[in-house]
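Chemist: Below you will find the structure I want to go over with you.
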Amino acid sequence: MSKLVIVAHPSLKDSLINRIWLAELANHPDALEIHSLYEKYPDLNFDVAAEQALLSKYDEIVFQFPLHWFNVPFALKKYLDEVFTYGWAFGPGGDKMKGKKIRFAVSTGGTKDTYESRITLDDLLKPMSVTFHYCGCEVLPSHVFYGASTQPAEDAVVSNAREYANQILG
Ligand SMILES: Cc1cc2nc3c(=O)[nH]c(=O)nc-3n(C[C@H](O)[C@H](O)[C@H](O)COP(=O)(O)O)c2cc1C
C-alpha cells in the first residue's frame with residue numbers, strides 16, 4: 001500500500017533539507033505520493049473535497065514541514081482548519097481519518113541540543129499529535145533534521161534523507 005506525503009514548505013527552491021528529502025523520496029514513486037501544498041495551491045485556496053478524497057485513499061500519511069516560529073507553517077494550520085471538517089474528521093459521522101497512521105517529518109533551524117535543553121520538539125508538536133489523536137489516528141514517531149541553520153554538510157542531509165525514506169517505507 002503506497003503512502004501519502006503532504007509537504008508544507010513555502011519556498012522549496014530556497015530549501016536545503018526539505019528539497020533533499022523530496023529528491024530522496026522521488027526515488028520511490030510506486031510507494032509514495034508526494035503532495036506539495038504550496039505547489040498545488042500557490043494562493044492556498046484548498047479544494048477541500050479533493051483534499052478529503054486524497055486523504056481518504058491512504059492509510060498512512062506523512063506531514064513534512066520546516067518548523068516556523070516553534071509551530072507548523074501556517075499553510076498546514078490552514079489546511080487542518082479547512083480540510084478536517086466537522087462531520088468528516090470529527091463530530092457525527094466524522095470518522096474519515098479514523099485508524100490512519102500519521103507521521104511528522106520536521107526540519108528545524110535550531111540544533112538538537114537546543115531542543116533537548118529546553119522545550120522538546122515533541123512538546124512543540126503536541127497540538128498536532130492531539131489533533132490527530134482526536135480524529136482517531138495513530139501518531140508514529142517523527143523524523144527530524146535538527147540544525148539546518150548550522151550550515152550542515154550536504155552528505156549529512158543526504159544520509160538523513162535516506163533514513164527518512166527507510167523509516168516511512170518500513
Ligand atoms: C519564518 C521562519 C520561522 C522559523 N522559525 C524557527 C523556529 O521557531 N525554530 C527553529 O528551530 N527554526 C526555525 N526556522 C528555521 C527553519 O525551520 C529552517 O530554516 C528549516 O527547517 C530548514 O529547512 P529547509 O532547508 O528545507 O528550508 C524558521 C524559519 C523561518 C523562515
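The values are calculated or read from the model by the stated rules, or taken from the named source; none is laboratory data. This structure is a prediction, so every number in the text was calculated from the model and none was measured. Here Cβ is always computed from backbone atoms with ideal geometry, including for glycine, and neighbour counts include all displayed protein chains.
Chemist: When you go through (1) assigned to a helix (DSSP H, G or I); (2) surrounded by fewer than 19 Cβ atoms within 10 Å (Cβ to Cβ) one by one for GLY109, which number turns out not to apply?
Modeler: (1)
Chemist: Sticking with this one: Just give me the residues in the range 86-108 being hydrophobic (A, V, I, L, M, F, W, C) and either within 14 Å of the ligand (Cβ to nearest atom) or under 20 Å from ASN160 (Cα atoms) (or both), in sequence order.
Modeler: ILE102, PHE104, ALA105, VAL106 - these are the residues of the range 86-108 that are hydrophobic (A, V, I, L, M, F, W, C) and either within 14 Å of the ligand (Cβ to nearest atom) or under 20 Å from ASN160 (Cα atoms) (or both).
Chemist: Whether any residue in the range 73-80 is in contact (Cβ under 8 Å) with a residue 40 or more places away in the chain, within 16 Å of the ligand (Cβ to nearest atom), not in a loop (DSSP other than H, G, I, E, B) and not β-branched (Val, Ile, Thr) is what I want to check.
Modeler: Yes, some residue in the range 73-80 is in contact (Cβ under 8 Å) with a residue 40 or more places away in the chain, within 16 Å of the ligand (Cβ to nearest atom), not in a loop (DSSP other than H, G, I, E, B) and not β-branched (Val, Ile, Thr).
Chemist: hydroxyl-bearing (Ser, Thr, Tyr), over 18 Å from the mean Cα position of the chain (by Cα) and within 9 Å of the ligand (Cβ to nearest atom), is that true of THR111?
Modeler: Taking the combined requirement at face value, the residue satisfies it.
Chemist: Failed condition for PHE104, given (1) over 14 Å from the mean Cα position of the chain (by Cα); (2) part of a strand (DSSP E or B), with all others met?
Modeler: Going through (1) over 14 Å from the mean Cα position of the chain (by Cα); (2) part of a strand (DSSP E or B) one by one, PHE104 breaks only (1).
Chemist: For LYS96, which of the numbered conditions (1) part of a helix (DSSP H, G or I); (2) without any contact (Cβ under 8 Å) to a residue 60 or more places away in the chain fails to hold?
Modeler: The single condition LYS96 does not satisfy is (1).
Chemist: Kindly indicate which of ASP43, ASP30, ASP59, ASP47 is touching a Gly at 6+ places or on another chain (Cβ under 8 Å) and either of a type in the set (Lys, Arg) or modelled with pLDDT of 95 or more (or both).
Modeler: Within the list ASP43, ASP30, ASP59, ASP47, the selection yields ASP59.
Chemist: Here is a further query. For the structure I just gave you, tell me whether ILE61 is away from the ligand (no atom under 16 Å from the Cβ), of a type in the set (A, V, I, L, M) and under 16 Å from HIS143 (Cα atoms).
Modeler: Answer is yes for this residue.
Chemist: If you don't mind, there's one more thing I want to ask. So which residues in the range 28-46 are over 17 Å from the mean Cα position of the chain (by Cα) and among the polar types (S, T, N, Q)?
Modeler: Hit for the range 28-46 is ASN45, nothing else.
Chemist: Can you tell me which condition GLU33 does not meet? The list is (1) assigned to a strand (DSSP E or B); (2) away from the ligand (no atom under 16 Å from the Cβ); (3) in contact (Cβ under 8 Å) with a residue 40 or more places away in the chain, and all the others hold.
Modeler: Failed condition: (3).
Chemist: Name the residues in the range 141-159 that are touching a residue at least 40 places away in the same chain (Cβ under 8 Å) and either in a helix (DSSP H, G or I) or not aromatic (Phe, Trp, Tyr) (or both), would you?
Modeler: Within the range 141-159, HIS143, ALA148, SER149, PRO152, GLU154, VAL157, VAL158 qualify.
Chemist: Looking at the range 36-71, which of its residues are crowded, with 17+ Cβ neighbours inside 10 Å and within 14 Å of ILE168 (Cβ to Cβ)?
Modeler: TYR58, GLU60, ILE61, VAL62, PHE63, GLN64
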